[in-house]
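Computed from the coordinates by the stated procedures, all read-outs in this text should not be read as laboratory data. Only a predicted model underlies this, so the values are computations on that prediction, with no experimental measurement involved. Quick reminder, even Gly has a Cβ in these numbers, built from the backbone with ideal geometry, and neighbours come from all protein chains shown.
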């Protein structure tokens, strides 16, 4: 019998409560293929961010199993979880989270510096990403000198800096206008197709058109495929 291909993410009956008996996730089951682009849709407060935090190894489920790139998260110590977060998972947040005292170039270099990449190599990589996505002109600016759309696009490049296998994007278009939202989605589309990075993106919109392989809705603590 052929061995089953490793999934980028596999959740098995994942429950999460922050207060005893008050569950925000109630038995989530999800398999995400390597190289896919999926959306998880749902209203504010239904647990989308909680789910991404669990997938990103920043939080643990109350019960259930979480596998990241075939590895059981329950068997990881803090050091291994940190290493996987740094080297295999990129994060994009709703409110950018760029470091205001660092230039754009330095913000993109930051994950590489944390991973121990030497200065010349990380500088080359950061410039390469800026040039690839036609943002080289922003290299020496500080976040306060950028528009919201520019800040979010730089945040995506920072998430890509360490060549992750997975990018988790938590409502990345929520604070952007329609034009900047589309520019951001186009970058995600290119990253998914060109770099074969698995992308899991949350959104409150049920109508937002995304270049996804699969779409899901999170409601009442469970996840359901759309379509």
Bounding extents of the range 182-227 in its principal axis frame from Cα atoms, largest first in Å, are 35, 20, 17
Order of 31-38, 104-111 by packing, highest average Cβ count within 10 Å first?
104-111, 31-38
Got a sec? How would 173, 203 order by Cβ neighbour count within 10 Å, fewest to most?
203, 173
Listed residues 64, 42, 116; largest mean-square fluctuation, Gaussian network over the chain with Cα springs below 10 Å, found at 116
Give me the percent relative contact order of the range 135-221, please, defined on Cα pairs under 8 angstrom at least 6 residues apart.
30
Treating the angle as unsigned and between 0 and 90°, give the value, to the nearest 10°, between the Cα long axis of helix 78-88 and the longest Cα principal axis of the chain.
60
In degrees rounded to 10, the 0-90 angle between helix 178-195 Cα long axis and the longest Cα principal axis of the chain is 80
Quick check on the exposure proxy: order 39, 82, 44 from fewest to most C-beta atoms within 10 angstrom.
44, 82, 39
Expressed as a percent, the portion of alpha-carbon pairs in the range 1-149 spaced more than 20 Å apart is 60
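Using Cα pairs under 8 angstrom and six or more residues apart, how large is the relative contact order of the chain, in percent?
It rounds to 31 percent for the chain.
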Could you list the residues of the range 86-113 with an amide nitrogen less than 11 Å from a label point located 7 Å from the Cα of residue 144 in the Cα-to-C-beta direction?
100-102
Exposure proxy order (Cβ contacts within 10 Å, fewest to most) of 206, 88
206, 88
Among 93, 23, 188, which one moves the most in a GNM of the chain with springs linking Cα atoms closer than 10 Å?
23
Taking the chain as the reference, fit the longest principal axis to its C-alpha atoms, fit the long axis of helix 104-114 to the helix C-alpha atoms, and give the angle between the two in degrees, 0 to 90, nearest 10.
50
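Applying 1/(1 + (r/R0)^6) with R0 = 22 Å to the Cβ-Cβ distance of residue 193 and residue 163, what FRET efficiency is obtained, to the nearest 0.05? Intermediate values should be presented prior to the final figure.
Details: r = 16 Å, r/R0 = 0.71.
E(calc), rounded to 0.05, equals 0.90.
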Can you say what percent of the DSSP beta bridges in the chain, counting only those with both residues inside, are antiparallel? Round to 5.
50
